[in-house]
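Colleague: Quick one: the structure is below, and I'll ask about it shortly.
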Protein chains: 2
Amino acid sequence: MTTMKIAVLGTGMVGKAIATKGIELGHLVMMGSRSASNEKAAAWVAENGDRASSGTFADAAACGEIVFNCTGGQVTLDVLRSTGNHLSGKILIDISNPLDFSHGMPPTLSVCNNTSLGEQVQELLPDTFVVKTLNTLNCNLMVNPRSLADGDHHLFLSGNDGDAKARVSALLQTFGWRADRILDLGDITTARGTEMWLPLWLRIYGVAKTGAFNLKLMGIE
Amino acid sequence: MTTMKIAVLGTGMVGKAIATKGIELGHLVMMGSRSASNEKAAAWVAENGDRASSGTFADAAACGEIVFNCTGGQVTLDVLRSTGNHLSGKILIDISNPLDFSHGMPPTLSVCNNTSLGEQVQELLPDTFVVKTLNTLNCNLMVNPRSLADGDHHLFLSGNDGDAKARVSALLQTFGWRADRILDLGDITTARGTEMWLPLWLRIYGVAKTGAFNLKLMGIE
């Protein structure tokens, strides 16, 4: 894959993992946050050399050819509104989950069942190619899938545009994901399914005491 | 396992699969339905010999030492209300899912996120040991887990009583479930997780065109 300009919205664990993977793969990566002087973004840039940069969410959205939404689900829509129209015509890889921690642990979902955050993002940005993926597992596995069972576990894609999903799948394969373990579930409404996996993920995490797990679908060819 | 009296509430595919498995394992099985003269129950009894019987939901609940709820999630609470106090002190294995088909396909869940049908069943029957399990896969796999990857895939348990879960686990092992693939998630509130797996299960089913799949958790010891 040729060098790309990648934007990562969010400076948390997920954002750092994705942004660092982008640098490792030789891409130019801009990390976006609320403030152009964000300290976590500045620290990440300092650690990652000349191909790393940072700016506001709008700066990053303007710079990126492909954009990862790694913000928390409770702020995702506000963040995306702040990017102006810079996401128009671009692929937005949406990793966010609508986890609501305000009622205690484990979190509930602020939207689910008859809609999803992925759909709300697509509705907000009708000219953007939203692809929901990577939201079903922890950030270490997102970028190092071969660290578990040599990559023999599954990842899902949801999105309305087949070409965008194919491009995202190709990028994910450069992360280490096996093509035959990336399952295209269909349009963006299928994000309801993957977002609603989180409550079960959280309960498994609660007993397994590790986030380094994922599901492998048995019986699917 | 010694011969038991098993009650199965429901005459659909799930009820028939569970009831027939009980007969195959040498148990006495009563299938319960709304009417003592239910034709599907009568046909099942005719096919399954002397150890098979049928009656009303209340008849079955009174007869069974252990009771499977195989009714549809939209009628489960009404069915259980009709069993009088015959479930008091007994284990109720709740397989139901709150699938609501009234808004089209795929179904949504009529309860989820901050409660679950499993919890509502336990609240309705405070003197019953409710164990939620088997609701995460199709009925053929419920009773023939070794037909897929020699049983190398996971099943979940949710319930408030450890002894009840241990007895259910032992029974499930006679179905063919591997002890090391039965994961106790914790109390009955964890049923939220397994019931919310259904929307993803349905989407996977939609693309896989088979229900003969299940998840194997990779990275869990």
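The values are calculated or read from the model by the stated rules, or taken from the named source; none is laboratory data. All figures in this text were calculated on a predicted structure; none of them were measured in a lab. Positions of Cβ are generated from backbone atoms using ideal geometry, with glycine treated the same way; all protein chains shown enter the neighbour counts.
Colleague: Would you tally the residues in the stretch B:63-84 being crowded, with 19+ Cβ neighbours inside 10 Å and among the small types (Gly, Ala, Ser)?
Modeller: Residues that pass the stated criteria total 2.
Colleague: Let me ask something additional. With respect to A:Asp150, is the statement that it is more than 12 Å from chain B (Cβ to nearest Cβ), more than 18 Å from A:Lys90 (Cβ to Cβ), acidic (Asp, Glu) and free of Cβ contacts under 8 Å to residues at least 24 places away in the same chain true? Steps first, please.
Modeller: Numbers: more than 12 Å from chain B (Cβ to nearest Cβ): no; more than 18 Å from A:Lys90 (Cβ to Cβ): yes; acidic (Asp, Glu): yes; free of Cβ contacts under 8 Å to residues at least 24 places away in the same chain: yes.
Criteria not met by A:Asp150.
Colleague: Go through the stretch A:30-47 and count every residue that is under 20 Å from the mean Cα position of the chain (by Cα) and not in a loop (DSSP other than H, G, I, E, B). Please lay out each step first, then the result.
Modeller: Taking the stretch A:30-47 as the starting set, the residues that turn out to be under 20 Å from the mean Cα position of the chain (by Cα) are A:30-34, A:40-41, A:44-45.
If we keep only those that are not in a loop (DSSP other than H, G, I, E, B) too, we end up with A:30-33, A:40-41, A:44-45.
Residues meeting the conditions: 8.
Colleague: Looking at (1) more than 23 Å from A:Thr3 (Cβ to Cβ); (2) within 12 Å of another protein chain (Cβ to nearest Cβ); (3) in contact with a Gly (Cβ under 9 Å, 6 or more places away or on another chain); (4) not basic (Lys, Arg), can you tell me which one A:Thr115 breaks?
Modeller: (3)
Colleague: When the stretch A:153-182 is examined, which residues are found to be of a type in the set (Ser, Thr, Tyr) and in contact with a strand residue (DSSP E or B) (Cβ under 6 Å, 6 or more places away or on another chain)?
Modeller: Residues of the stretch A:153-182 that are of a type in the set (Ser, Thr, Tyr), as a first pass: A:158, A:169, A:174.
Selection gives A:Ser158, A:Ser169.
Colleague: Taking the stretch B:25-57 on its own, how many of its residues are under 20 Å from B:Phe175 (Cα atoms) and hydroxyl-bearing (Ser, Thr, Tyr)?
Modeller: So the count comes out to 0.
Colleague: Then there's this: Might you let me know whether the stretch B:172-179 holds any residue that is of a type in the set (Ser, Thr, Tyr) and within 12 Å of chain A (Cβ to nearest Cβ)? Walk me through how you get there before you give the answer.
Modeller: Let us first name the residues in the stretch B:172-179 that are of a type in the set (Ser, Thr, Tyr), namely B:174.
Now restrict to residues that are within 12 Å of chain A (Cβ to nearest Cβ): none.
Looking through the stretch B:172-179, none of the residues is of a type in the set (Ser, Thr, Tyr) and within 12 Å of chain A (Cβ to nearest Cβ).
Colleague: Select from the stretch A:97-109 the residues that are in a strand (DSSP E or B) and either aliphatic (A, V, I, L, M) or over 26 Å from A:Ala7 (Cα atoms) (or both) and list them in ascending order. Full working, then the answer.
Modeller: First pass over the stretch A:97-109, keeping only residues in a strand (DSSP E or B): A:99-100, A:108-109.
Matches in the stretch A:97-109: A:Leu99, A:Thr108, A:Leu109.
Colleague: Report yes if B:Ala62 is touching a His at 6+ places or on another chain (Cβ under 9 Å), among the aliphatic types (A, V, I, L, M) and more than 20 Å from B:Asn97 (Cβ to Cβ), otherwise no. Don't jump to the end; show me each part of the working.
Modeller: Details: touching a His at 6+ places or on another chain (Cβ under 9 Å): yes; among the aliphatic types (A, V, I, L, M): yes; more than 20 Å from B:Asn97 (Cβ to Cβ): yes.
Answer is yes for this residue.
Colleague: Can we say B:Ala19 is part of a helix (DSSP H, G or I) and either modelled with pLDDT of 95 or more or over 21 Å from B:Leu171 (Cα atoms) (or both)?
Modeller: It is true that B:Ala19 is part of a helix (DSSP H, G or I) and either modelled with pLDDT of 95 or more or over 21 Å from B:Leu171 (Cα atoms) (or both).
Colleague: I'd like to know if the stretch A:184-194 contains one or more residues that are facing chain B (nearest Cβ under 8 Å) and under 13 Å from the mean Cα position of the chain (by Cα). Walk me through how you get there before you give the answer.
Modeller: Within the stretch A:184-194, the subset facing chain B (nearest Cβ under 8 Å) is A:184-186, A:190, A:192-194.
Applying the additional criterion that residues be under 13 Å from the mean Cα position of the chain (by Cα) yields A:194.
Yes - at least one qualifying residue is present in the stretch A:184-194.
Colleague: Within the bounds of the stretch B:14-37, is there any residue that is touching a residue at least 24 places away in the same chain (Cβ under 8 Å), more than 26 Å from B:Leu109 (Cα to Cα) and touching a Cys at 6+ places or on another chain (Cβ under 6 Å)?
Modeller: Yes, the stretch B:14-37 contains at least one residue that is touching a residue at least 24 places away in the same chain (Cβ under 8 Å), more than 26 Å from B:Leu109 (Cα to Cα) and touching a Cys at 6+ places or on another chain (Cβ under 6 Å).
Colleague: Restrict the check to the stretch A:153-160 and report whether at least one residue is within 7 Å of chain B (Cβ to nearest Cβ) and modelled with pLDDT of 95 or more. So that I can check it myself, show each step before the final result.
Modeller: The first filter runs over the stretch A:153-160 and keeps only residues within 7 Å of chain B (Cβ to nearest Cβ), leaving A:153.
Of the ones still in play, those that are also modelled with pLDDT of 95 or more are A:153.
For the stretch A:153-160, residues within 7 Å of chain B (Cβ to nearest Cβ) and modelled with pLDDT of 95 or more: present.
Colleague: Taking the stated definitions as given, is B:Lys132 closer than 25 Å to A:Cys112 by Cβ, of a type in the set (Lys, Arg) and more than 10 Å from chain A (Cβ to nearest Cβ)?
Modeller: Values: closer than 25 Å to A:Cys112 by Cβ: yes; of a type in the set (Lys, Arg): yes; more than 10 Å from chain A (Cβ to nearest Cβ): yes.
It is true that B:Lys132 is closer than 25 Å to A:Cys112 by Cβ, of a type in the set (Lys, Arg) and more than 10 Å from chain A (Cβ to nearest Cβ).
Colleague: If you take the residues of the stretch A:196-219 that are in contact (Cβ under 8 Å) with a residue 12 or more places away in the chain and closer than 18 Å to A:Asp150 by Cα, which of them is farthest from the other protein chains (Cβ to nearest Cβ)? Talk me through it step by step, then tell me what you get.
Modeller: Pass one, the stretch A:196-219, residues in contact (Cβ under 8 Å) with a residue 12 or more places away in the chain: A:196-199, A:201-203, A:206, A:211-217.
Within this subset, residues satisfying the condition of being closer than 18 Å to A:Asp150 by Cα are A:211-217.
Numbers: A:Gly211: 9, A:Ala212: 5, A:Phe213: 3, A:Asn214: 6, A:Leu215: 4, A:Lys216: 5, A:Leu217: 6 Å.
Result: A:Gly211.
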